[in-house]
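Peer 1: What follows is a single structure, and I will ask about it in a moment.
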Amino acid sequence: MSDLWFQLENLVWNIFHRPSFADIVDILIIAFLLYRLIQMVRRTRSIQVIKGIAILILIQYVSDLAGLKTLSWLMKNVLNNGVIALIILFQPEFRRALEQLGRGTRLERHHTEKTESERIIDEMCSCLLSLAKRRVGALIVIEGKTGLQDVMETGTRVDAVISRALLENIFEPNTPLHDGAVIIREERVASAACMLTLSDSNTISSSLGTRHRAGLGISETTDATVLIVSEETGIISLASGGKLTRYLDESGIREILGRIYNEKKYTLADFWSHLTRRSGDGEGGKRP
């Protein structure tokens, strides 16, 4: 055990006392390359493989420090002989990286391809506008920090990529999943046909039905963002923090989704004035 502490002390001393300018530049370049690698694969299944490799490296390092010679030897052989397997496994990612390198910079790609956040916002916005135009009712709950696993279990698991076609098909009348709410967790449609507890608030307009009461109910007990399309009028509404805002237009929907998927802190007060320009009193007021 004393040898382990001695090696750790030497490691810490070397980190803070021995690096030269070239060492620092070397470390920064490697860190940048690792960062770009993670950025490239973070939304693919390859990220799970990278996590597994990192765990193997950690096990090998700890076993080496602790003097576990057999385990250390085994991990070294697995890592050394796994290079060929990694090249085969990551062949699509390597090819894509080389293609990006050949095109010049990532900036060029940024202008020609949408990010995943932009794609989700476009898909959800076009879906809501299409449903509103056809007066097809919809109830979409976007999970916040408060987990909604108990609500998901009341419906049917979907676990699919967010798309306009999928959402429209779910809410299409007379289909198996059109009743209830769709729960969205991060960038996936997690569950459909979920049952929500209705709000018992007395401030809700009598003209609003079960769908609005359900959306308002879950927004009162969680930090979820709820988007509602009225089947009777085609009006798009937002339920958040126990408040209902109606008459959302395309710009309002994009602003709400942008604050969620661009990883900005979501607060209703930040864009309340923009929404209430069309919602009158914020709860069922007439369009000016």
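The values are calculated or read from the model by the stated rules, or taken from the named source; none is laboratory data. Because the structure is a prediction, the values reported are computed rather than measured. Note: ideal-geometry Cβ built from the backbone for every residue, glycine included; neighbour counts use all protein chains shown.
Peer 1: Would you pick out the residues in region 149-175 that are in contact with a His (Cβ under 7 Å, 6 or more places away or on another chain) and not charged (D, E, K, R)?
Peer 2: Ile170, Phe171
Peer 1: Of all residues in region 147-177 being in contact with a helix residue (DSSP H, G or I) (Cβ under 8 Å, 6 or more places away or on another chain) and free of Cβ contacts under 8 Å to residues at least 24 places away in the same chain, which is nearest to Ala214 (Cα to Cα)?
Peer 2: For region 147-177, the residue satisfying everything is Leu177.
Peer 1: Just wondering, is there one or more residues in region 109-116 that are surrounded by 11 or more Cβ atoms within 10 Å (Cβ to Cβ), modelled with pLDDT of 80 or more and not β-branched (Val, Ile, Thr)?
Peer 2: Within region 109-116 (the criterion being surrounded by 11 or more Cβ atoms within 10 Å (Cβ to Cβ), modelled with pLDDT of 80 or more and not β-branched (Val, Ile, Thr)), the answer is yes, since at least one residue qualifies.
Peer 1: Another question about this same structure. Quick one: which helices (runs of 4 or more DSSP H) sit completely within region 144-241 and have at least 2 residues that are basic (Lys, Arg) and assigned by TED's automatic domain parsing to the domain that holds Cys125?
Peer 2: Those helices (runs of 4 or more DSSP H) span 210-221.
Peer 1: Could I ask something else about it? Can you tell me which residue among Gly137, Gly144 is at pLDDT below 95, of a type outside the set (A, V, I, L, M) and surrounded by 13 or more Cβ atoms within 10 Å (Cβ to Cβ)?
Peer 2: Gly144
Peer 1: Give me the residue from region 206-230 that is under 18 Å from Phe171 (Cβ atoms) and of a type in the set (S, T, N, Q) and, out of that set, surrounded by the fewest Cβ atoms within 10 Å (Cβ to Cβ).
Peer 2: Thr210
Peer 1: When region 176-200 is examined, which residues are found to be over 23 Å from the mean Cα position of the chain (by Cα) and surrounded by fewer than 14 Cβ atoms within 10 Å (Cβ to Cβ)?
Peer 2: Pro176, Thr197, Asp200, listed by residue number.
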